[in-house]
Structures are given as structure tokens and as C-alpha cells.
Amino acid sequence: MAALHGWHPGEVAIQRKLGYADVVRDHWSIVGSFMPQQHRIFHTSNLPFIPLTTLDDDGRPWASIVSGSAGAIGFVKSPDARTLSIHARIWDGDPLLDTFKAWASLKNPQDVITERFLTAGLGIEFSTRRRNKFAGLIRGMQRVTASDYQIDLAVTETTGNCPKYINVRKLVAFPQTQPGIAYRNQNLSPDERLPDEVRDFILDADTVFVASVYNSKKETAAEYPSHAGMNARSGLPGFIRVSPSDGRTVVIPDYSGNRFLTSLGNIESSGLAGLTIVSFSTGDVLYLSGTAENHVGPAASQIMTRHSSLTTVKVTGYTLVRNALPVRQQPGTSVERSPYSPKIKYLVEETGSEMSETEGHKANLQEAVQLSSDLAVFKFKVNTNPGTAGLKIRPGQAIVLDFMDWIGPPRYRHMADSAPESINDDRVRTWTVSSAHEGQNATWFELTMRKMPGGAVTGALFNILEDYSLNQMGHLVKFNGSVSAEIVGITGDFFINSDKLDVSWIAGGIGITPFLAMIQALEQRGSRAEGDIFLVLATREPEIMLRLIQPALERMAPTVSIKVEIFTNKAVDMEPFNRQNAKITVHQGRIRPEYWRGTSKDKEVFICGPNGFGDSVVNGMQAAGNVCRGGKTWAVSWGDAIAVKYPESCEETVAIPSSIASSVGGLFGD
């Protein structure tokens, strides 16, 4: 039996804004009016805690957290298909305590104020990504002990839910909690900001529980009754942003889902939302509530770069409770990230200063050379609108390109297990620029890129190159300019300065791309260039890599001394390259940890390559005492896109997000 008579006006409004109204017009009938047996078993036998929506005296929704006193499964009972009875430990600071006070103040508990005691819950089994939702009313509350409560819920709506973005965790009971309120302000003044620690807590989150409410109007209450909502949003750590300008507006990007949009529909109607974030390592719980607004299309893109749908919550009240949740991630286990989670996007005000300078530039594919079946150099011409400042690219920096107009948006699919990254593909990619344009406006640029299996953008670029009738390996192919991309920005602090250099550059495979630009820049400086360069390259394609760097080495000024050491498992058919100031040596096999003992300990070190390669190099150099001796080490890892700076002491490292600091897009673009 369906619980609803149709989507309420707020749900219909947001479905129309996003273009889904016709597709999901009748899907409201999926929402049931009672719990199937499997849902009852799930809530009572699978869950160590449940986020539960509750409303405060001002009607603001909050996401409470209910669990058993020792964090064990079994704190929920279901005597029938429309009832859940919860025996929960509630700690000071949880918003459900205020709901209990309101309940206890009722002269006659039978005279329940319906709107005040609306509730909704979400059960997530984090080890399996299974989840189910329910909504209804609180029908009874009583204190059992000083901190334990009995809560009886009347369930009126139930549905299964999408597991798409859940991050898998192994959770275990942790009964030794000592909850304590660290911060609490239920009513922020207009100019107040969230404390730095609270903002950092939000930025570290990969999961947020979202409480919402729909308050019906009298004339439509029978058809669209008031109800609460509870949902979760998940992604990579950092997917939730906080506005730097006001320090209290939380921004949550909307990812593609089942298109029901029930939470967003409630927000569209009420303009309110509650957000709760849990640290599964410390048990800390952050509760937030505030005014909320959905933003679609250009309005969203003005808030978050290249994102067309999001929700903002301006926090009006918050509480941070330490060491509260009696459930923790099992020590020694890691988080399995959802393969559907898209890359983190930043707010326009976070990246605006670096991106705004590139407005008015487009890139058109001019020519390309295919180096192997999956490696090619693509040259783009820069087209600049009149009156726009020139495009500046420092050697080693990356360029962000938007190919949406050329490739087109992806076809909507709710799930795509064979290619989950395609679901939220915005066609925006970042690559390191492998050509040098030091001290001049870039009117063209080159990208040395590898074709990624299943990659929407590299796949399209390689397809047109391979389909070109005149294409031969190693031969130049010219294009008519029909392939175009908008230049979104130039980014990265992974570049050389104009001073005399004393550096070690260490590259794994395609990680050579920033160093290609740096070598070309040194060659272009002519007699002004000074430096001692030590380049170490691990590659399966030694001949190709040598062809890329050798022309610049042959023209390098004698004031630059450069030594190149190549490690490969392939035989290299080349004559020794030796000049007075440049020498190339080829080693068979991998780079062994002991190799670093014989290298200089006083150079500034730049490392670029896959995660495992970068970790191996840093560990080997640290063991040999080659880093952290007054110099710097910048490491950019392929997988996590993180730049790590080692200061003078190895005791401290500073992680810098790649899109702001050191994005090396030759590694990340697909």
C-alpha cells in the first residue's frame, strides 16, 4: 500500500527545475505505508546506530543520533509493521533531548502536537552499503535511566534507498565513551562565524546526515500531509565545502541519484535543513541546523565551480560533542570509497582568484603526434576574446579544460557499475602543460597525455586521432579546429623559479610531463639559465621519453649541467648521449632503495608519479637522509592528487589540495 497520494509541491518544484518531473511523475507510489519484514529485520538486527530527524521549538530540523548504550546492535525492536521501539543512550548536546523536554512538558501525552514530533530515520549498514528509510511520528518518550530513553515511533512511510555513494566501513562497538560538549551555540548572531575547528571538521567529512521537513498547508494537508525526512550525502573527504567569506554557509553538491529528490523537495518547501557529521575514528558528533536553499543551473555554477546543482545551508545553530558515538571504525581497517563519488569541486570564492584570469580563452585542437598506442602529444591553439588579458602558464603548471560543448553531457544513468566514474562526468579535465611559455603570453600549448581506459575525454581525443586517415605513428596530424574546449583555469605551484637551480627531479612514467616544460624553459633561457639538474626517470617507454627530452638537451646552454638517469625493464637501442654539460645513463630494472644513498642530499626535490612510486621514492630518500636537510621536497602523487611539502624538519608535513596548489593534470585527466 502506498503511503503518499503524490509528490508534494516542493518535490514537484525541484523535480521540474532539474528536468525530472515527467520521468518520476508516478514514482511516489513506491513509498510504502508500513515496513516490509526485511526492513524490520534490517533495523533491529543490522544497525549499531540510526540518524533520526527531530524538530526544535522553532521548527528547525536536526539530525539526532540514536544508538544503544554500548554501541551494540539490537537496541531497536519492531513489535509490528508500523512500529519501531528504540532503547537509546542520548548524550548531552544531542537535539533529541530537547524533544524529550517538549514531550515531558505535555499535560496529556495523548494530545501530541503533530508537527513538533514528526520524525524520520535512515538505516545504513556501512559494511554492505545497504540502506532503508522510514518516516512517521514520535508516539512515546520516557526516561529509563539517567541517560537511557525509550522512544516509540509510529512509522507511516518506508522505502529502500540508493547505496551509490556510501563509503564502506567496518564498524565495531566502542562502549568507553565520555561525551562532552566542545562547542554549542543554538542561535548565531547575523555576523557570527563557525569556529575554525568546526569548519575543519566539516571539510574533513565524507558523509553527512541530512534532516528535512515538509509542513503542509491546511488546504492541502489531507493530500500532502506534513512529514519529516532523513537522508545521507556521501563523497570523497572534502566534498562538503564551507564559505570562506561568511564562515558558516555549508555547501553540499548534488550528485545524480534516483531523481525522487525528496530531501531537496522538503528543502524547496521549508527552506530549512539539519546536518550532522560523525567522526568514526574519534566518535565526535557535529550537529548543525539552518536555513537552506537549492541552487540549480547558473545559480549553482556561481557558487561551486562547474557544478549545476547544489544546496546551501546557512547555519543558525550548532553543537559539537566529543567522544560521543559508541561506535568506531575497526582499528587497522581502511575506508573503501564509493567508485561513484566524483572528484572534489571547490567554491568559486575558493578558486576564483586563480580562475578569473583565464576567462575569455578557448582552446582549439591544432595538431597531434601519436607516440604509441596510448600516448600522444596534442597541440592546442589559444583563442582569446578581444580585450582579454593574455594567458600566463608557468613551466610545470597545469591547465583546466572544459570539453562539455564538444563531447556533450553524459546520458543519464542511475547506476553504471562497469563505468561508475561516468555518472557525474562534467567533462572538465586537468593536465600538466608539457610545453614551455615562460615570460610570455601563451598563444598555444601542448599536452602530453596517456589514453585512459574508458576515459571519456582522452578516449574521444585518441579516437579522432586514430580515425584520421593520414595518421601514422610518429607523424604530425593537423586538425581543422572543430575540437574545442573552454579554458577554465591555470593551476599549480609545481614549477621552477628564475633563480639558479640546484634540483632533483624524479618522475614515474607520464609523471615526466611537468619536467618536460621545465627542461624546455631552461633551454629557452639560453645563457641566462644556470643550474645543476638531476633527473631520474622510471619508465616502460624509454625510447619515447628520450625523444621527448633530447632536443632540448642538445640545445641547452653550457651554464646548465644536467644528468639524466633512466630506469627501465626494456632494452634501449640508442647511442650514448653525452655532451659536456648533459649526460644520459640507462639502468636496467627498478629503482632500488639503496640507489638514493649515492645521490645528493642538498638538492631541492620534486617528485611526480603514481602513488606507489611516490611513496617508494620518498621512503627511500628519507632512509638515505636525502630530504628534510634544509631543502624542500614537493611530492605529487597520481592517485590522490596531493602535493606534500617537507619543510626543514621531517616532523611536519603539509597537505595541499591539488586543484589549489599542485595539480599535475598529465596524471589526472581521463
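Taken together, the values in this text are just the output of simple stated rules run on the coordinates, not laboratory data. Owing to the predicted nature of the structure, the values given are computational and were not obtained by experimental measurement. Positions of Cβ are generated from backbone atoms using ideal geometry, with glycine treated the same way; all protein chains shown enter the neighbour counts.
Quick one: what do you get for region 180-333 if you divide its Cα Rg by 2.2 N^0.38 Å?
Details: Rg = 16.2 Å, N = 154, 2.2 N^0.38 = 14.9 Å.
In units of the 2.2 N^0.38 Å rule of thumb, it is 1.08.
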Mean shadow area of region 511-598 over all directions, Cα convex hull, nm²: 5.7
On Cα atoms only, tilt of 611-623 relative to the major axis of the chain in degrees: 70
Trypsin sites (Lys or Arg not before Pro) lying in DSSP loop within region 67-156, provided at most 10 other Cβ fall within 10 Å: Lys107
Relative contact order [Cα under 8 Å, 6+ residues apart], region 349-491, whole percent: 40
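Check each of the chymotrypsin sites (Phe, Trp or Tyr not before Pro) in region 384-422 and keep only those in coil by DSSP with at most 13 other C-beta atoms within 10 angstrom; list them in order. Can you show the working numbers first?
Values: sites: Phe403, Trp406, Tyr412; in loops: Phe403, Tyr412.
Qualifying residues, ordered by number: Tyr412.
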The chain, relative contact order [Cα under 8 Å, separation at least 6], %: 10
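Can you sort Val617, Val24, Val250, Val572 so the residue with the fewest Cβ neighbours within 10 Å comes first?
On the way: Val617 28, Val24 17, Val250 25, Val572 13.
Exposure proxy ranking, most exposed first: Val572, Val24, Val250, Val617.
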Rough spin-label spacing in nm, given labels placed 7 Å along Cα→Cβ, for Ala154 and Ala81: 1.8
Alpha-carbon Debye profile of the chain, log10 I(q)/I(0) at 0.06 Å⁻¹: -0.41
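Just subtract the alpha-carbon distance of His414 and Arg590 from 0.36 nm times their residue separation and send over the number in nm, one decimal.
Working: separation 176, 0.36 × 176 = 63.36 nm, distance 4.29 nm.
Stretched fully, the His414-Arg590 segment lengthens by 59.1 nm.
Return a whole-number percent for the relative contact order of region 9-329, with Cα pairs under 8 Å and 6 or more residues apart as the contact set.
Details: 791 pairs, mean separation 69.6, N = 321.
With pairs under 8 Å counted, the relative contact order is 22 percent.
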Spherically averaged projected area in nm², based on the convex hull that wraps the Cα atoms of region 23-65: 5.2
Debye log10 I(q)/I(0) at q = 0.12, 0.16 Å⁻¹ for region 438-549, Cα point scatterers: -0.59, -1.01
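Calculate the translational D of region 9-329 in whole µm² s⁻¹ from Stokes-Einstein, where the hydrodynamic radius comes from the Kirkwood formula applied to all Cα pairs, the temperature is 20 °C and the viscosity 1.002 mPa s. List each step's numbers first, then the result.
Values: Rh = 19.7 Å.
So the translational diffusion coefficient is about 109 µm²/s.
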Excluding exposed DSSP-loop GluC sites (Glu not before Pro) (at most 16 other C-beta within 10 Å), longest clean stretch of the chain: 1-191
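Using DSSP to call loops (not H, G, I, E or B), can you name the trypsin sites (Lys or Arg not before Pro) in region 225-323 whose Cβ has at most 12 other Cβ atoms within 10 angstrom?
On the way: sites: Arg233, Arg241, Arg248, Arg259, Arg306, Lys314, Arg322; in loops: Arg248, Arg259, Arg306.
Within region 225-323, no trypsin sites (Lys or Arg not before Pro) qualify (loop, at most 12 other Cβ atoms within 10 Å).
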Unit Cα scatterers, Debye sum, region 1-158: log10 I(q)/I(0) for q = 0.12 Å⁻¹: -0.56
Principal axis dimensions, largest first and in whole angstrom, of region 46-98 by Cα: 32, 26, 14
Expected-Rg normalisation [2.2 N^0.38 Å, Cα atoms] applied to region 392-457: 1.39
Karplus-derived 3J(HN,Hα), 6.51/-1.76/1.60, for each residue of region 485-500, Hz, glycine and proline x: 8, 7, 7, 7, x, 10, 9, x, 9, 8, 8, 8, 9, 8, 7, 5
Value at 222 nm in deg cm²/dmol, rounded to 500, when DSSP H runs of n ≥ 4 in the chain each add -39,500 (n - 2.57): -5000 deg cm²/dmol
Lys/Arg +1, Asp/Glu -1 at C-beta; the chain dipole; positive extreme among Pro514, Tyr595, Ser435: Tyr595
Stokes-Einstein D for region 349-491, Kirkwood Rh over Cα pairs, 25 °C, 0.890 mPa s (µm²/s): 153
Percentage of interatomic Cα-Cα distances in region 475-527 larger than 16 Å: 62
Label-point separation, Gln580 to Ala389 (7 Å along Cα→Cβ), nm: 4.2
Fewest-first sequence of Val172, Val433, Val31 by Cβ atoms within 10 Å of each Cβ: Val172, Val31, Val433
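Just the Kirkwood number for region 168-221, please: inverse of mean 1/r across all distinct Cα pairs, in Å, one decimal. Kindly include the intermediate steps, with their values, before the conclusion.
Numbers: mean 1/r = 0.0623 Å⁻¹.
Answer for region 168-221: a Kirkwood hydrodynamic radius of 16.0 Å.
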Region 232-293 - convex hull of the alpha-carbon atoms, volume per residue in Å³: 107
Residues Val382, Val210 arranged by fewest to most Cβ contacts within 10 Å: Val382, Val210
